[in-house]
1. Can you give me the angle between helix 35-44 and the longest principal axis of the chain, using Cα atoms only, in degrees from 0 to 90, rounded to the nearest 10?
2. What FRET efficiency comes out for the pair Arg85/Ala28, r = Cβ-Cβ distance, R0 = 30 Å, nearest 0.05?
3. With labels modelled as points extended 7 Å from the Cα through the Cβ direction, what inter-label distance (nm, one decimal) is found for Arg93 paired with Arg108?
4. Suppose every Lys and Arg Cβ carries +1 and every Asp and Glu Cβ carries -1, with no other charges. What dipole size does the chain come out with about its Cα centre, to the nearest 20 debye?
5. Could you tally the net charge around Val73, taking each other residue with its Cβ under 12 Å from the Cβ of Val73, Lys/Arg +1 and Asp/Glu -1?
6. Roughly speaking, what is the centre-to-centre gap between region 1-53 and region 79-123 when only Cα atoms are used, to the nearest Å?
7. Rounded to the nearest 500, what is the chain's calculated 222 nm mean residue ellipticity when only DSSP H runs of at least 4 contribute -39500 (n - 2.57) each, over all residues?
8. With θ taken as phi - 60° and the coefficients 6.51, -1.76 and 1.60, list the Karplus ³J(HN,Hα) couplings across region 93-106 in order, rounded to whole Hz; mark glycine and proline as x.
Amino acid sequence: MAHRVLIIDDDRWIAMSTAMVLEAEGFAVDSALSGPEGIEKVRAAPPGIVLLDIMMPGMDGWETLERLKADPVCRPVPVVVFTAREQREGRSRARELGAVEYFRKPFRPDALVQALRHHLGDTVAAASAPQPPIVGDRAS
């Protein structure tokens, strides 16, 4: 069964292009174009993980993150802050508010997929990755 990812981003193009990358890697993806819509979707059907933009009109990503982590239904869902901002304070604030990671846009698709799989505990993907040889191991 595919892991479900919810992208909360007011930019349709970014949400769509990110969804295409993730769907190609086997994730099931949904999107919300605002904080309130995202919170509603998480409450209705909690995804495996949320990708959350910070710079959104109305309720920004910080307030959205605070509300997600204050809600008992939403709290267990890991949140990756997904933003064009690169600020040391932003990384600290994201951690303080309960985000599992601070990921910068534009992104390398392989790095984003790897981060999501890590936070989802995707052991199937990790098991299928090539393993280094064990030193001293010999076929007889």
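Values in this text are rule-based calculations from the coordinates and carry no lab data. Here the structure is a predicted model, which is why all the values come from computation and not from measurement. Glycine gets a Cβ as well: all are built from the backbone with ideal geometry, and neighbour counts include every protein chain shown.
1. Taking the Cα atoms of the chain, the angle to 35-44 is about 60 degrees.
2. Values: r = 28 Å, r/R0 = 0.92.
After rounding to 0.05, the efficiency reads 0.60.
3. The answer from the label model is 2.7 nm.
4. Numbers: 17 positive and 20 negative charges, 72 e Å.
I would put it at about 340 debye.
5. Values: positive: Lys41, Arg43, Arg67, Lys69, Arg75; negative: Glu40, Asp71.
Charge balance in the 12 Å sphere: +3.
6. Rounded to whole Å, the Cα centres lie 14 Å apart.
7. Numbers: 6 runs with 61 residues, N = 140.
-13000 deg cm²/dmol, from helical runs alone.
8. Taking θ as phi minus 60°, the curve returns 5, 4, 4, 4, 7, x, 6, 8, 7, 10, 10, 9, 9, x Hz for region 93-106.
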